[in-house]
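One structure is given here, and the rest of the page talks about it.
Each reported figure results from applying straightforward, stated rules to the coordinates on display, with no laboratory input. Note that the coordinates shown come from a computational prediction; the quantities given were computed from them, not determined experimentally. As a convention, Cβ positions derive from the backbone with ideal geometry for all residues, glycine included, and neighbour counts pool all protein chains shown.
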Amino acid sequence: MRAMSVKSYRAAIREALEQEMLRDPDVILIGEDLAGGAGGGGEDDAWGGPMAVTRGLLAKFGRQRVLDTPISEAAFMGAAVGAAAAGLRPVAELMFSDFIGVCCDQILTQAAKYRYTFGGQDRIPLTVRTTIGAGQQLGSQHSQVLYPLFTSCAGLKVAVPATPYDAKGLLATAIRDDDPVVFCEHRLLYRMREEVPDDSYTIPFGEARIVEEGGDVTIVALSRMVHVAAEAVRALRAEGIACTLIDPRTTVPLDTDTIFDSVEATGRLVIVDEAGPRCGIAADIAAIVAEELFSALRAPIRRVTPPHVPVPAAPNLEALYLPDAARVMAAVREIVRR
Amino acid sequence: MITPLLMPKWGIDMTEGRVAQWLAAAGAEVGPGLEIVEVESEKTVGAVEAPAAGVLHPVAGPGDVLPVGGLLGVIAPAAMAADELETFVRGFRVAPAGESETVERDQTVEVPGHALRLVSLGAGDPPVLLLHGFGGDLRGWGPVQAALARAQRVISVDLPAHGGSTTALASAEPRFFEDLILGLLDVLAVPRVHLVGHSWGGVIAWGVAAREPARVASLTLLGTAGPVTPPDPDYVRQFIEAGRRTELKAVLQRLFADPALVTRDMVEQALRHKRIETVEAAWRRIAAAAVAASGTGAAAAAPAVPIQIITGTEDRICPLGADFVPPAGVSLHRLPGVGHLPQLEAPAEVASRVATFAAAHS
């Protein structure tokens with residue numbers, strides 16, 4: 001009966017879903033295979049969605065609140081937007097962020113713009129849970145990190161949790177938020193474990209986490225790249241380079257204050273992101289800092305991202321594609337020497 | 001004041017660690033929160049933060065393997081004489097480990113209706129029981145508990161809705177917490193105890209001593225003079241309301257004479273705890289009950305046990321002004337340049353005052 005226990009990222013997300021469903025009867029889940037076998041010959045609740053996140057929730061909340069859908073993102077995302085407009089608080093699961101292509105209108109054009117279009121008379125309290133990231137040899141169509149797309153779309157909020165603790169708190173905030181939120185889960189983090197409070201808590205959007213503090217350089221990293229950057233920070237410490245590592249946790253809203261405060265102190269910025277180099281979060285943050293704090297910079301801003309190519313499926317090429325600690329260290333060393 | 005820098009214990013399995021490298025040089029000025037030495041255990045590599053401000057004097061060198069609690073180095077004021085440092089280092093003994101009751105370990109103790117986390121260190125009765133203040137937890141006693149444990153058993157406990165204890169509260173009234181502490185002593189089969197309470201924890205300790213003076217060998221109050229001195233209600237309100245990191249940092253800085261002592265970790269840990277909704281709800285009840293109960297004067301008669309008060313001259317939460325006169329027979333120690341948390345700003349002095357007082361009244 002302890003207040004804290006070790007939970008995986010997956011279990012932390014499931015716990016947030018369960019607690020929000022207990023808290024508010026308007027919260028429903030909708031997506032492919034969430035009920036695991038319902039309607040077919042299979043066993044109900046056999047796996048809990050393709051990522052096994054919602055397992056057990058069908059048994060607890062029943063078919064009225066855990067909805068299995070056909071394989072049509074256009075249909076069920078549209079239904080979720082409509083349910084939100086009608087007063088429910090749906091959590092829709094988009095299996096891979098790559099599948100946004102078939103429900104762009106529902107999310108980017110309808111959900112994101114509804115409140116604005118109707119002068120705030122109505123809101124879309126929708127949460128879209130989706131998965132991102134390379135590293136599992138799933139190929140170019142199931143490995144993209146598409147939160148820059150969501151970030152660029154005015155009217156959406158975007159959360160990119162890097163830890164189990166952040167995942168649980170940010171998801172509770174997302175579900176209670178009256179605006180549409182895209183919640184990006186990195187598949188390689190599902191098994192990460194740490195101590196997480198058992199009771200419910202929220203983490204405000206737009207508040208970065210300062211992972212490490214050091215005076216020589218500021219590193220901003222998101223999602224799984226926070227852990228890659230943290231590995232680099234530990235190794236750089238042995239070389240006598242002290243880094244501040246910032247995880248923004250949400251890209252909309254973006255906690256520019258925390259980034260600015262740190263860059264003002266260090267004068268150096270490296271951004272590490274698994275999204276690509278063009279029109280990505282790294283480009284975005286680099287532009288904002290260059291515009292606002294140019295005089296504080298003592299060296300050029302460096303971005304560490306994959307190249308602008310589709311994600312390769314071959315394991316050796318995929319490993320080459322992804323940023324690693326060595327690349328982060330090289331970028332830091334290059335600008336710290338200046 | 002010399003602060004020992006000890007080999008940390010990262011997890012229950014860790015018994016020893018190896019010094020990988022010093023991250024700060026001998027003679028460097030260091031401060032709390034600064035990572036000064038990198039240590040490797042069987043399972044992990046991590047940095048140890050300076051526990052206090054001062055000049056660093058490494059004792060162990062890279063590659064040295066030390067038991068948990070072993071002396072990595074010391075931190076002392078720049079003016080500290082070299083022979084005094086040498087005497088401290090030579091006289092240092094690692095707190096005995098190996099026996100289950102002397103090893104640091106959090107345990108959970110069931111007191112009817114509540115599961116309380118506690119850490120018990122050292123051996124020798126009657127033990128010292130450390131009660132943290134409102135919004136704190138047992139980790140705040142780290143340096144004081146480690147220092148006291150060399151001579152006797154020292155127990156620190158998380159009160160309900162704090163630290164690792166359960167959050168449910170049957171009541172938020174002072175009497176409820178007093179009952180809980182008496183219940184804890186029964187569960188631990190401790191007939192007599194030296195109570196040390198900080199701030200709100202001191203008010204609870206006072207109530208326990210007033211009700212059961214025979215069970216309290218001595219009472220040390222830190223940052224409070226008991227229920228007659230109310231805390232700043234603005235501070236309590238701001239502490240509860242602060243929802244974001246930057247807000248909470250500014251609030252926590254008021255606790256210290258030196259605001260630089262508020263580390264990132266301290267803010268993050270406090271924020272993580274207060275964001276738990278059941279905790280926040282419990283804290284609102286406790287604060288309301290504590291403010292209502294303090295300053296009433298009803299409890300002004302001091303408990304019939306030996307009492308000492310330790311207060312910082314820079315305490316902005318519960319200041320005892322120059323005109324404050326302690327009750328008859330109660331000794332008052334004012335620590336210059338210290339705020340509301342003497343156990344963190346002057347741990348060696350607090351430990352030594354508690355040890356001396358306990359020895360005189362055992």
Straight-distance crosslink candidates among lysines, where the alpha carbon sits under 23 Å from A:K113 and sequence neighbours closer than 8 are dropped: A:K157
Under 24 Å from the Cα of A:K60 - lysines, other chains or at least 8 residues apart: A:K7, A:K168
Projected area, mean over directions - region B:100-360, Cα convex hull, nm²: 12.3 nm²
Cα Rg over Rh - region A:4-197, Kirkwood: 0.94
Antiparallel content of DSSP bridges confined to the protein assembly as shown, in %, to 5: 45 percent
Cα centroid of region A:294-313 to Cα centroid of region A:223-244, whole Å: 16 Å
Globularity ratio of region A:179-331, using Cα Rg and 2.2 N^0.38 Å: 1.05
Hypothetical label at B:T15: residues of region B:51-75 whose amide nitrogen lies under 14 Å (7 Å Cα-Cβ projection): B:66-69
Separation of the B:R90 and B:A260 label points, Cα + 7 Å toward Cβ, nm: 3.3 nm
Whole-angstrom Cα spans of chain A along principal axes, big to small: 62, 44, 44
Average projected area [Cα convex hull, region B:3-91], square nanometres: 5.3 nm²
Nitroxide proxy distance, nm - points 7 Å out along Cα→Cβ at B:A81 and B:E314: 2.7 nm
Chain A: angle of helix A:73-85 to the longest principal axis, Cα-based, in degrees nearest 10: 80 degrees
Equivalent ellipsoid dimensions for region B:197-256 as semi-axes, Å, which come from the Cα gyration tensor, largest first: 30, 10, 9
Space enclosed by the convex hull of the alpha-carbon atoms of region B:117-170, per residue, Å³: 69 Å³
Label-point separation, A:D105 to B:E110 (7 Å along Cα→Cβ), nm: 6.0 nm
Proxy reagent accessibility, fewest Cβ within 10 Å first, across A:C104, A:C184: A:C104, A:C184
Largest-first ellipsoid semi-axes for region B:94-228, taking √(5λ) over the Cα gyration tensor eigenvalues, angstrom: 21, 16, 14
Angle in degrees between helix A:225-238 and the longest Cα principal axis of chain A, rounded to the nearest 10: 30 degrees
Alpha carbon convex hull of the protein assembly as shown, projected area averaged over orientations, nm²: 33.1 nm²
Normalised contact order of chain B, rounded percent, pairs of Cα under 8 Å and 6 or more residues apart: 14 percent
Nearest-ten-degree value, helix A:9-23 long axis tilted from longest Cα axis of chain A: 50 degrees
For chain B, share of DSSP beta bridges that run antiparallel, in % to the nearest 5: 60 percent
